[in-house]
Each structure stands twice: as structure tokens, then as C-alpha cells.
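Working notes, structure below.
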Amino acid sequence: NEQRNATRKAMEIKAALKNLGSDIENEELQVCNRVVDADAMQQSIEEMNEQQQMFFDLVVRAVADREAGGSPKHYYCSGTAGTGKTYVIDCLADYIEFTYGNVNDQMSLPSVLLAAPTGLAAISIKGQTIHSLFGIKVQTSSYSPYEPLSDEQRDRRRTLFQNVKLIIIDEISMVGAIMLQKINLRLKEIMGSSEDFGGVCVATFGDLLQLPPVKSPPVFAGLTRPAARKIFSGCGVGTNLWHQFRFYELTINMRQKEDPAYADILELTTMEVACNHYLSLRTAYPKTMALFSKTAEVQEFNQRVVDSLGTLTISIASIDKELKIVRRRKQRPWQNRENSILNVRASSSAPPTALSLPTIAGGLTSNLVLTKNARVMLKRNIDQSKGLVNGLTGVLEEVIVEAGSVTKLSVRFDRIPNEVISITRVPVVYSGPRGSRHCRLQFPIELAYAVSIHKSQGLTLDSKHICTITTIRSSKPREATVFNTISQHDFNTISKWS
């Protein structure tokens with residue numbers, strides 16, 4: 001039995017690795033078909049407030065000037081949550097598509113393309129993730145080198161981009177300076193132009209006081225020398241593309257305009273707030289979600305909720321296997337010596353298999369603890385056309401066990417309530433001890449009674465809920481601004497959870 005299980009696991013890893021490479025190379029661009037109703041578009045434009053209308057006109061004129069032979073202009077529209085940034089994005093996208101697009105070739109020749117750093121944020125604006133749209137690989141380290149597109153991928157994107165007049169990027173606070181430079185180089189490559197951003201007008205939206213990029217300098221920072229050398233082969237040292245973006249700010253809060261008292265409370269960024277008795281809310285509001293600033297707090301809170309439910313839990317261990325490193329060149333005789341200086345490492349003398357592997361690798365945990373009917377969150381983009389993207393929440397309805405091993409998880413997601421989706425294990429390759437390479441197979445699911453603030457970016461929480469951040473200091477205003485995205489039907493005093 002042990003031999004059969006080992007053989008089966010090895011076959012699963014082999015198949016998963018094959019599919020992983022295939023998926024990355026042949027990823028399809030799932031461009032949303034933007035159907036524009038002229039009357040509805042005109043009504044939406046007329047309902048803009050004065051600030052929104054001014055920025056709308058700026059971008060429309062910039063696109064028209066570029067079409068007339070002028071220089072491309074780039075804009076950054078700032079504003080806290082509720083000021084109508086998404087509304088302006090929809091109006092701009094509809095207008096540009098209606099004005100410059102061809103309804104017969106909209107899918108293959110769009111006039112406007114929209115992107116965001118996360119899957120949920122991309123769905124909310126009917127766009128794609130930045131990685132998917134521009135063909136940028138997800139970085140595996142802080143200095144993952146920039147790679148040009150393959151001939152096939154470049155040709156596909158050149159066809160897609162040939163009629164593009166405007167590129168819109170939302171949630172710009174989560175886009176770092178390194179990613180902005182990658183977008184710049186990719187657009188040059190796709191458009192075949194030496195102009196910055198390929199000569200295409202770019203409009204960005206977001207609030208720079210909100211969430212910063214992960215393991216990257218902010219978008220308004222220039223490239224450091226190490227980043228330029230290791231990622232871009234020395235190009236772009238001291239370059240600051242953000243200086244090309246013209247600033248505009250929306251200050252009128254449209255979301256809380258009927259409740260000015262609540263709007264004033266949302267502007268407070270120095271008070272400490274937290275959840276008051278989360279479990280007491282779940283009966284009336286089962287989709288209540290708690291937000292924390294630290295991952296450790298999220299894990300502790302999720303475990304507390306599961307323990308309090310008193311239901312049977314199941315632990316699902318990941319399948320980890322060390323990969324053989326294929327050397328691309330023949331070793332010289334002295335490199336094969338047992339005591340060669342090339343083999344000396346400042347690390348433990350224990351064999352790699354005896355050293356502990358990471359608890360979390362590529363977002364996949366080594367031990368997944370779940371319970372039936374638990375609130376869960378998807379941690380991978382599985383099928384963007386169906387809305388199955390990283391950050392999607394739902395309820396775990398069934399755990400499928402075959403031959404003593406969990407093979408599938410059946411989840412009913414909130415955004416797809418009429419269908420139960422089967423989730424299978426996905427692979428991730430990561431670095432282990434002593435420079436070894438490992439593959440992990442695990443279900444891309446995690447408990448979601450609580451999530452980190454970074455994970456909640458792009459989420460719209462419609463039901464009544466209370467945020468449970470343990471500490472918010474005046475030195476971290478970006479953490480406090482998350483409260484602007486919270487919708488509540490009734491506001492009561494929020495006390496600190498402990």
C-alpha cells in the first residue's frame with residue numbers, strides 16, 4: 001500500500017508540473033467583451049459630479065490629442081474609497097470603446113484595456129490581472145529578472161493591442177516601481193515603440209495611502225541600483241516613471257453622501273478599532289468577515305472560530321517532493337571532488353530531507369485544517385472567465401475522499417451561488433534548504449472567517465460586518481483607510497477585540 005501511494009503521489013506531481021508549465025506558456029487572454037449602450041453611457045456621464053467630469057474630460061482630450069499626432073499623456077487619479085473612482089473608470093472605458101472601437105472586432109481589437117494587480121480588483125472593473133494582460137510572470141523572489149515574451153505570446157498581444165488607445169490600471173498603490181517598469185518595457189515590446197509605455201496613454205487609479213506593494217518599493221519611488229542590475233540588467237538606474245503621471249484628486253465622497261456623520265468617522269485614521277464579539281454576528285450575518293493587519297492574527301482568529309464551532313475538522317497534508325536539479329553543463333573534474341570548495345555551504349550538516357520545509361510555500365500551506373460548511377477563500381486564479389480568481393470567498397460544502405486521500409473540495413462560492421465548484425490540488429515550485437528545489441501539491445483554499453487587509457483589497461463586502469484590526473496607529477494611515485471600503489447598514493460603536 002505504501003509503495004502504491006508513493007507511486008500515485010509521484011505521478012500526481014509529475015502531471016501537475018507538466019500542466020503547470022503548459023498553463024504558464026499557453027495562458028489565454030480572457031478579454032471581457034465590453035457591450036456599450038449609448039443611452040446608458042450618456043446618462044452615466046451626465047450624472048458625474050464636477051470633479052469626476054473634469055478628470056473624464058482630461059483623459060478623453062489626451063486620447064484625442066494622441067490620435068491627432070500629439071505626445072501621449074499619463075494620469076493618476078487619487079481618491080479615498082467612495083469618491084467614485086470605479087464609476088469614472090466605467091465611464092471612460094465605455095466612452096473610449098464606443099468612440100474608437102469596432103463592435104464587430106471588440107474581442108480581438110479592443111480600444112481600451114483594463115488591468116489591476118489582483119484578480120478580484122480586475123473583476124470589479126471588467127479587466128484582467130496585470131500579469132495576465134501584459135504576460136508578466138509572477139515573481140518568485142524580490143529580484144526575479146524581467147523576461148521578454150516568447151514569439152507566440154508577443155504576436156498574440158500585438159494583435160490584441162493594435163487598436164488600443166487607452167490603458168487603465170486600478171489599485172495603483174499595490175503596483176510597485178519595479179512592476180511599473182516591467183509594464184513600461186512590456187508595452188514598448190508589444191507596440192514596437194521606443195516611447196515610454198509604448199506611446200499609449202495610461203490612466204491609473206487608486207489611493208497611495210492604502211496598501212503598498214508586497215516586497216517592492218512604492219510606485220512613486222525610483223528604481224534602486226540593485227533592482228536595476230538584477231532585474232533589468234542594469235537598465236533604468238535612477239529612473240522614476242511616476243514623474244510622468246499628472247496628478248488629479250477626487251475628494252467628494254459619493255458613497256456616504258447621505259450619511260455625513262458616518263463619512264466623518266471614516267476619515268479618522270488615528271483611533272484603535274477592532275471587532276466586538278464576531279461570533280455573535282454570524283447568526284444574523286453569516287458572511288461577516290474580520291480584517292487584520294498581520295497574517296499571524298488572521299491565522300489565530302480563524303483557528304479560534306473553527307474551535308468554537310465544535311465541528312469535526314480534517315487536516316490535509318501537502319504532498320512535497322524534492323526535484324532533481326538538471327545541470328546544463330558538464331562539471332569539470334575538480335568540481336566533482338568530495339571536498340571541493342564549491343560544495344561547502346554555511347548551513348546545517350543534516351541532509352536536506354532532515355531539514356524542515358516551509359509551512360507556507362507559494363501561498364500553499366503544508367497542513368490545511370478545514371471543517372465542513374466553513375467559510376473559505378480561493379488562493380489561486382483557476383478560471384478567470386468564470387470568476388474563479390484569487391480572493392473569491394465561499395462555503396466548503398463537501399470533502400471528497402478516495403482511497404483514504406482527499407482528492408477534491410466542493411465549494412459554493414458567493415459570486416457563483418448556483419454551482420458547486422470542485423477544487424483540486426495545484427502545484428508550486430519553491431526553494432528548499434541548501435538551495436534544493438521542491439514541488440508542493442496542495443488545495444488552493446484557506447479559511448476565511450478573517451483575512452489580512454492585503455487580501456481584502458478589491459473585495460466589496462455588501463453584508464453588515466465589523467472590522468477587527470487590533471491596532472491602527474497614526475504612523476500607518478494606509479491601514480486605517482481600509483474602513484472606507486466597509487459597508488454597514490447600521491453603525492454602532494466598535495470596541496477592541498481581545
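From the residues in the range 205-236 that are outside any loop (DSSP other than H, G, I, E, B) and surrounded by 15 or more Cβ atoms within 10 Å (Cβ to Cβ), which one is modelled with the highest pLDDT?
At the first step, the residues of the range 205-236 found to be outside any loop (DSSP other than H, G, I, E, B) are 205-206, 225-232.
Now drop any that are not surrounded by 15 or more Cβ atoms within 10 Å (Cβ to Cβ), which leaves 205-206, 227-232.
Values: 205: 97, 206: 94, 227: 78, 228: 80, 229: 80, 230: 80, 231: 80, 232: 81.
Selected residue: 205.
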Going by the structure shown, is residue 367 under 19 Å from residue 313 (Cα atoms), within 26 Å of the chain's Cα centre (by Cα), loosely packed, with under 14 Cβ neighbours inside 10 Å and at pLDDT 85 or above?
yes
Exactly one condition in (1) in contact with a helix residue (DSSP H, G or I) (Cβ under 7 Å, 6 or more places away or on another chain); (2) part of a helix (DSSP H, G or I); (3) at pLDDT 75 or above is not met by residue 342; state its number.
(3)
Tell me which residues, restricted to the range 398-454, are within 27 Å of residue 324 (Cα to Cα), polar (S, T, N, Q) and surrounded by fewer than 20 Cβ atoms within 10 Å (Cβ to Cβ).
405, 407, 424, 431, 436
Among the candidates 164, 202, single out the residue that is buried (at least 16 other Cβ atoms within 10 Å of the Cβ) and in contact with a Pro (Cβ under 7 Å, 6 or more places away or on another chain).
164
I'd like to check which helices (runs of 4 or more DSSP H) are fully inside the range 1-110 and have at least 1 residues that are at pLDDT below 70.
2-25
Examine the range 477-484 for a residue that is assigned to a loop (DSSP other than H, G, I, E, B) and either at pLDDT below 80 or more than 15 Å from residue 292 (Cβ to Cβ) (or both), and state whether such a residue exists.
no
Among (1) surrounded by fewer than 22 Cβ atoms within 10 Å (Cβ to Cβ); (2) farther than 17 Å from residue 188 by Cα; (3) at pLDDT below 90, which single condition is residue 118 missing?
(1)
Note on the range 150-178: residues of a type outside the set (Val, Ile, Thr) and farther than 30 Å from residue 98 by Cβ are 150, 151, 152, 176, 177
Among the residues that make up the range 134-144, is at least one of them in contact with a Leu (Cβ under 6 Å, 6 or more places away or on another chain), closer than 19 Å to residue 72 by Cβ and not in a loop (DSSP other than H, G, I, E, B)?
no
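The values are calculated or read from the model by the stated rules, or taken from the named source; none is laboratory data. Just so we're clear, the structure is a prediction, and the values are computed from it rather than from any experiment. Methodologically, a virtual Cβ is constructed for each residue, glycine included, from the backbone with ideal geometry; neighbour enumeration extends over all protein chains shown.
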